[in-house]
Amino acid sequence: MSTDRDDLHKALQEVQQGLRTQTDRLQAVSNVSNILSSNWDLPQVFSRISASIRRVLHHEFASFVLHDPGTDLLVRQAIDFPLGNGLLASMQVVTPKSPSGMAMQERIMKTFSKEELAGMNDEEVARMMVAEGLETVCCFPLMRPAGVLGVFVVGSTRPNAFQGGDLDLLTQVATQLALAIENHRSAIELQQLRQRLGEERSYLEGEIPKPGDFGNIVGDSAALKQVLDQVLTVATSDATVLVLGETGTGKELIARAIHNLSLRKHSPFAKLNCAAIPTGLLESELFGHEKGAFTGAVSRKIGRMEAADGGTLFLDEVGEIPLELQPKLLRVLQDQEFERLGSTRTQKVNVRLIAATNRNLQERVAEGEFRSDLFYRLKVFPIRVPSLRERREDIPLLVRHFVHKFARAMGRTIESIPKETMNALAGWDWPGNVRELENLMERSVILSKGSALGVPLEAIQGQPRTAQPSQNPATLDETERQHIIRVLKETKGIMSGPNGAAHRLGLKRTTLQSKMRRLGITRNDYLEAAG
């Protein structure tokens, strides 16, 4: 009878002990949850988490590592080993052949005994674990739907230290750690996205593309059409484009047209004039910098390269990039990666580069001022923008375009342009190209006293080649009328279709017919010469 009571008492004690153990485990899981809810930064709170579960497991060692997809290595983030000799603390990087690496690759919890660790002769981390006296090591992959984030490792100096309920507890802790890491990363990504969007807005202020396939490009000359055909050809690819041409020819407009016609048209278009930024600040403007990278760097800043991620970066005057910065740009072109100034962390970007220059880069290569490998990498698809003197037939259209633009902006009414003025404008060589013409037209609208455009011809240096005095004014409508008639003559009166006058003029057929009626254009005006 006494034996039965003893057995019953013993069984009752075992049940009570089991309940206490189960309660302690549940409390440990709850403590871990509370710690993580107050701070998602796991490396900062890992020692508290390890201390919380030590009350139940009595382990001596705990750590966690995160997977670096770029190197396929596991990088230690935190370690809790109060009685250790520092051997494991010195191991910051873990290979895929380590116990942690094996658990990550197989995506299952793995337990290693001292003998199994000693058998890994080629694995330094395993040798260090044995040297530190660990008899049992358990590795739990930190699993999330996107994949394995890292590994949670617990070790003990006792053989077969973790059994049954212990492993269940550690599995629950590993799940919470994985979720905390994912939440922390999401919070950082959201913060970076907000910062990037704010900086992109500052970069993209006033950069809304103009309507039409080619934006604000005006002209109908054969030389310009050839360039626009090249734009259409290269736009849908991701090839690097080098836009060549004299200053003021509209190289940025060509770059914008390529972007607007590309698959990246809904993504950022960032630009940087390499000649306008002091050499010492160009790297920071292009690639960004970290806080403290140099005197005055009070916060981290992303560069134009990162701001253009997913879209297009236009580098104007690329020939002015100093030699010491050229290898970094070449690396972006080849590998789509770079480091911010003052950082060792590699940034990945997906950027389509369009560069422009009015310099002869081949001469600069010969002079040793420009890298030949960068030159050939930029010159994948060169486009040469013609000077204004090579497309003189576009000058009347450009004059009309700029006069309308500035007159509308200033609330002025300009109805005619003296013929001698138009001849003088068409005959001038325009060393500053379209930009010079635009500036002169803005000044002319300001100076005009009446409805006729008053151009200060004294501002044009030299003798215009085709200027002929005349007292008959050519109205803006007359300029448009002559242009439409010329196109109709070239198309032999065909208005519709890909080769028709409406398509060449960038108009709908009904719009063209309406303009013809308003301007009094009849079939006799264009079919006589065509015949």
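The values are calculated or read from the model by the stated rules, or taken from the named source; none is laboratory data. Being a predicted model, the structure only gives us computed values, none of them experimental. Please note: Cβ atoms are built from the backbone with ideal geometry, for glycine as well, and neighbour counts cover all protein chains shown.
Checked against the criterion of being of a type in the set (Asp, Glu), out of contact with any helix residue (DSSP H, G or I) (no Cβ under 8 Å at 6 or more places or on another chain), touching a residue at least 12 places away in the same chain (Cβ under 8 Å) and assigned by TED's automatic domain parsing to the domain that holds VAL351, the candidates GLU246, GLU252 yield just one match: GLU252. Out of all the residues in region 279-301, which are surrounded by fewer than 21 Cβ atoms within 10 Å (Cβ to Cβ) and touching a helix residue (DSSP H, G or I) at 6+ places or on another chain (Cβ under 9 Å)? Matches in region 279-301: THR279, LEU282, GLU285, ALA293, PHE294, ALA297, ARG300, LYS301. Restricting attention to region 43-66, the residues that are surrounded by 22 or more Cβ atoms within 10 Å (Cβ to Cβ) and more than 10 Å from VAL154 (Cα to Cα) add up to 3.
No other residue among GLY198, GLY133, GLY119, GLY165 is at pLDDT below 90 and over 30 Å from ALA308 (Cα atoms) apart from GLY165. Looking only at residues that are of a type in the set (S, T, N, Q) and surrounded by fewer than 20 Cβ atoms within 10 Å (Cβ to Cβ) in region 231-259, which one is farthest from LEU361 (Cα to Cα)? If we take residues in region 231-259 being of a type in the set (S, T, N, Q) and surrounded by fewer than 20 Cβ atoms within 10 Å (Cβ to Cβ), then THR236 is farthest from LEU361 (Cα to Cα).
Can you name every one of the strands (runs of 3 or more DSSP E) wholly within region 42-142 that holds 1 or more residues which are of a type in the set (A, V, I, L, M) and in the same structural domain as GLY155 (by TED's automatic domain parsing)?
Output list reads 61-68, 73-80.
It is to be established whether one or more residues within region 292-308 are at pLDDT 90 or above and in a loop (DSSP other than H, G, I, E, B). Checked region 292-308: at least one residue is at pLDDT 90 or above and in a loop (DSSP other than H, G, I, E, B). Say whether the condition of being free of Cβ contacts under 8 Å to residues at least 60 places away in the same chain and under 20 Å from LEU224 (Cβ atoms) is met by at least one residue in region 406-421. No: region 406-421 contains no residue that is free of Cβ contacts under 8 Å to residues at least 60 places away in the same chain and under 20 Å from LEU224 (Cβ atoms).
For first residues located in region 385-397 and within 16 Å of GLU252 (Cβ to Cβ) and at pLDDT 90 or above, partners that are in a loop (DSSP other than H, G, I, E, B) and of a type in the set (A, V, I, L, M, F, W, C) and lie 6+ apart or on another chain with Cβ distances below 7 Å form the pairs LEU388/TRP430.
Are any residues in region 248-259 touching an Asp or Glu at 6+ places or on another chain (Cβ under 9 Å) and part of a loop (DSSP other than H, G, I, E, B), and if so, which ones?
Here is the first cut: in region 248-259, the residues touching an Asp or Glu at 6+ places or on another chain (Cβ under 9 Å) are 248, 251-252, 255-257.
If the condition is that a residue be touching an Asp or Glu at 6+ places or on another chain (Cβ under 9 Å) and part of a loop (DSSP other than H, G, I, E, B), then GLY248 is the only one that fits.
Which residues, taken from region 47-62, are within 24 Å of THR23 (Cβ to Cβ) and not hydroxyl-bearing (Ser, Thr, Tyr)? ARG48, ILE49, ALA51, ILE53, ARG54, ARG55, VAL56, LEU57, HIS58, HIS59, GLU60, ALA62 - these are the residues of region 47-62 that are within 24 Å of THR23 (Cβ to Cβ) and not hydroxyl-bearing (Ser, Thr, Tyr). Scanning region 260-277 for residues that are outside any loop (DSSP other than H, G, I, E, B) and of a type in the set (Lys, Arg) turns up just one, LYS271.
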